1. Open to solvent by 50 Å² or more (accessible area, probe 1.4 Å) and at pLDDT 95 or above - does that describe any residue in segment 32-44?
2. Just give me the residues in segment 19-31 being among the β-branched types (Val, Ile, Thr) and open to solvent by 30 Å² or more (accessible area, probe 1.4 Å), in sequence order.
3. Need the failing condition index for residue 51 against (1) part of a helix (DSSP H, G or I); (2) open to solvent by 60 Å² or more (accessible area, probe 1.4 Å); (3) within 19 Å of residue 2 (Cα to Cα), just the number.
4. Is it fair to say residue 81 is more than 30 Å from residue 25 (Cα to Cα) and surrounded by fewer than 17 Cβ atoms within 10 Å (Cβ to Cβ)?
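The values are calculated or read from the model by the stated rules, or taken from the named source; none is laboratory data. Since the model is a prediction, treat every value here as computed from it, not as a measurement. Counting neighbours? That spans all protein chains shown, and the Cβs are built from the backbone with ideal geometry, glycine included. Just the protein is used for accessible areas: all its heavy atoms, side chains included, with ligands, DNA and RNA removed. Shrake-Rupley method; radii C 1.70, N 1.55, O 1.52, S 1.80 Å.
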Amino acid sequence: MLRFAIIGGLSAALNFAIIIFLTSCLGLHYLLSITSCFVIVTFVSFWFNRVWTYRKRRGAARDDLARYLAMTAAQYVVCLGGCGVCVAMFHVPYQWAVLVLTILLAPLNYLLHRRWSFRLKWIDQGT
């Protein structure tokens with residue numbers, strides 16, 4: 001769980017930095033920035049999570065990646081919708097919306113990626 005927190009924290013920081021840069025510096029709409037960010041960070045996060053967080057080196061990486069992408073796509077939809085609602089309806093700055101959704105989704109992401117994306121047991125048994 002600690003390794004996931006480290007990689008998740010680094011991924012979240014990278015997400016946040018990319019979104020802020022694309023929106024504030026390049027003038028992209030925040031939803032387009034979120035989309036670009038998901039595309040950029042997903043593959044880096046997959047590799048670090050597979051190899052370091054979950055220490056999975058056996059099995060088909062392609063199959064893990066397919067499940068990881070499906071899970072990330074679902075997370076993307078939730079994040080995009082959640083941010084849109086927070087900004088449009090509740091007038092929350094997009095930066096805060098991204099940050100709060102990232103924090104709220106982290107525990108669920110850990111569990112779903114561990115069990116579904118990487119097909120690991122709930123309890124670490126030397127994986």
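1. So far as segment 32-44 goes, yes, one or more of its residues are open to solvent by 50 Å² or more (accessible area, probe 1.4 Å) and at pLDDT 95 or above.
2. Answer for segment 19-31, where residues must be among the β-branched types (Val, Ile, Thr) and open to solvent by 30 Å² or more (accessible area, probe 1.4 Å): just 20.
3. (2)
4. The answer is no for residue 81.
Table: residues versus (1) open to solvent by less than 40 Å² (accessible area, probe 1.4 Å); (2) of a type outside the set (Asp, Glu); (3) touching a Lys or Arg at 6+ places or on another chain (Cβ under 8 Å); (4) without any contact (Cβ under 8 Å) to a residue 12 or more places away in the chain.
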| site | (1), (2), (3), (4) |
| --- | --- |
| 60 | no, yes, no, yes |
| 77 | no, yes, no, yes |
| 97 | yes, yes, no, no |
| 100 | no, yes, no, no |
| 105 | yes, yes, no, no |
| 108 | no, yes, no, yes |
